[in-house]
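First up is the structure itself, then whatever we jot down about it.
The values are calculated or read from the model by the stated rules, or taken from the named source; none is laboratory data. The model shown is predicted, which means the values in this text are computed figures rather than measured ones. In this analysis, Cβ positions are derived from the backbone assuming ideal geometry, glycine residues included, and neighbour counts consider all displayed protein chains. For the accessible areas, the whole protein counts, side chains as well, though only heavy atoms, and no ligand, DNA or RNA atoms are used. Shrake-Rupley method; radii C 1.70, N 1.55, O 1.52, S 1.80 Å.
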Amino acid sequence: MWWSLAFLSAVLLGGYDTFKKISLKDNAVIPVLLLNTFFCSLILLPMLLTTPFGGWEVQKYIVLKSLIVLSSWLSGYYAMKHLPLTIVGPVNATRPVMVLIGAMLIFGERLNLYQWIGVMLAVASFFMLRRSSAREGINFHHNKWIACLVLSAVLGACSGLYDRFLMSPSGAGLNRCTVLSWYNVYQCGMMAVMLLVLWLPRRAQTTPFHWHWGIPCISIFLCGADYVYLQALSDPDALVSVVSMIRRGSVIVSFLAGALILGEKNLRAKALDLVLLLIGMVFLYLGSR
């Protein structure tokens with residue numbers, strides 16, 4: 001069922017965020033992101049060779065998706081590098097609220113009572129996070145990395161709405177394997193250009209790049225999360241607003257990693273935010289059965 005696939009995607013997405021944070025520690029963002037797109041392309045190569053290309057009529061939609069996702073990733077990677085993982089995860093959990101508004105306006109989706117309760121609890125969790133993050137000297141109004149994180153969330157919400165259009169039979173009706181495999185190839189090409197034009201000429205004045213074993217793990221978890229996510233959206237009964245909200249449950253995995261692996265601070269206050277989000281996920285689950 002589509003909602004169970006959404007929950008599996010959330011778990012894999014939490015692993016993706018964790019390895020991303022580990023790999024970006026004292027590391028250059030652009031080379032790490034390039035390698036991520038490269039390894040994703042390699043992992044999905046068998047899929048690429050066995051799915052229909054579709055010509056420009058299909059590929060034009062995928063190129064646009066690549067631009068949206070890559071823009072979200074770039075801003076999100078820089079934010080991830082400079083902010084605690086226990087803050088990044090909950091802020092990213094606001095994406096479904098933006099998706100909800102878009103889904104209601106564009107696709108005419110309607111939520112039941114349980115789903116509305118889940119959404120409102122997630123919104124409350126975000127506002128509580130603003131207060132707890134101030135204890136770490138992070139001002140949501142005047143921090144450029146928070147601005148990058150919010151921009152990443154907005155673009156991610158746009159990508160979620162666009163995915164529903166791409167997967168829906170009443171929209172573009174594209175093959176999910178074609179979308180998943182080709183958009184990573186396009187992103188890899190775009191990142192290679194950025195590396196040559198933006199990073200290489202200035203690499204001596206910026207953070208140096210070093211290899212980390214976590215970099216290929218980013219790609220493995222991301223490919224898995226995206227595959228089951230697109231599979232969920234392929235179900236004609238799937239609600240993109242609910243799928244997007246459930247995927248943000250990945251914050252549970254990333255929060256535990258921030259606490260147990262990275263030793264981040266101020267966990268008690270953030271844990272209350274997480275509890276609210278967890279309760280919201282339960283209500284979304286009940287409303288989706």
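Structure values in brief
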item	result
Gyration tensor verdict on region 180-289 (Cα atoms; rounded if a/c is under 1.5, prolate if a/b is larger than b/c, oblate otherwise)	oblate
Solvent-accessible surface ranking, highest first, for ASP273, ASP26, ASP235 at 1.4 angstrom	ASP26, ASP235, ASP273
For the chain, built as a Gaussian network whose Cα springs stay under 10 Å, the top-fluctuating residue of GLY156, GLY171, GLY102	GLY171
Accessible area (Å², per residue) of the chain, counting only protein heavy atoms and a probe of 1.4 Å	44 Å²
Within the chain, helix-based [θ] at 222 nm, where runs of 4 or more DSSP H residues each add -39,500 (n - 2.57), nearest 500	-25000 deg cm²/dmol
The chain: DSSP helices with Cα axial extent of at least 18 Å and average Kyte-Doolittle hydropathy no lower than -0.5	2-24, 29-43, 56-82, 113-133, 144-167, 176-194, 214-233, 267-288
Whether region 29-76 is rounded, prolate or oblate, judged on the alpha carbon gyration tensor where a/c under 1.5 counts as rounded	oblate
Highest-MSF residue in the chain out of LEU67, LEU129, LEU200 [GNM, Cα springs under 10 Å]	LEU200
Net charge, ALA10 excluded, C-beta distance under 13 Å - Lys, Arg +1, Asp, Glu -1	+1
Additional length obtainable on full extension of the chain from LEU105 to ALA192, 0.36 nm per residue less Cα span	27.7 nm
Heavy atoms of ARG202 accessible to a 1.4 Å probe, total area in Å² rounded to 10	130 Å²
Relative contact order [Cα under 8 Å, 6+ residues apart], the chain, whole percent	45 percent
Estimated FRET transfer efficiency (SER170, VAL282; beta-carbon r; R0 25 Å; 0.05)	0.20
Accessible surface of LEU198 - all protein chains present, 1.4 Å probe, nearest 10 Å²	90 Å²
Kirkwood hydrodynamic radius (C-alpha pairs) into Stokes-Einstein, region 108-239, 25 °C and 0.890 mPa s, D in µm²/s	132 µm²/s
Accessible surface of the chain [probe 1.4 Å, protein heavy atoms]: carbon and sulfur percent	69 percent
Charge tally in the Cβ shell below 12 Å around ILE30, where Lys, Arg are +1 and Asp, Glu are -1, ILE30 excluded	+3
Listed residues MET167, MET104, MET191, most fluctuating in the chain (Gaussian network, C-alpha, under 10 Å)	MET104
Extended-chain gain in nm, criterion 0.36 nm per residue less alpha-carbon gap, ASN266 and ASN143	42.4 nm
Computed lengthening from SER4 to LEU64, 0.36 nm per intervening residue step minus Cα-Cα distance	18.8 nm
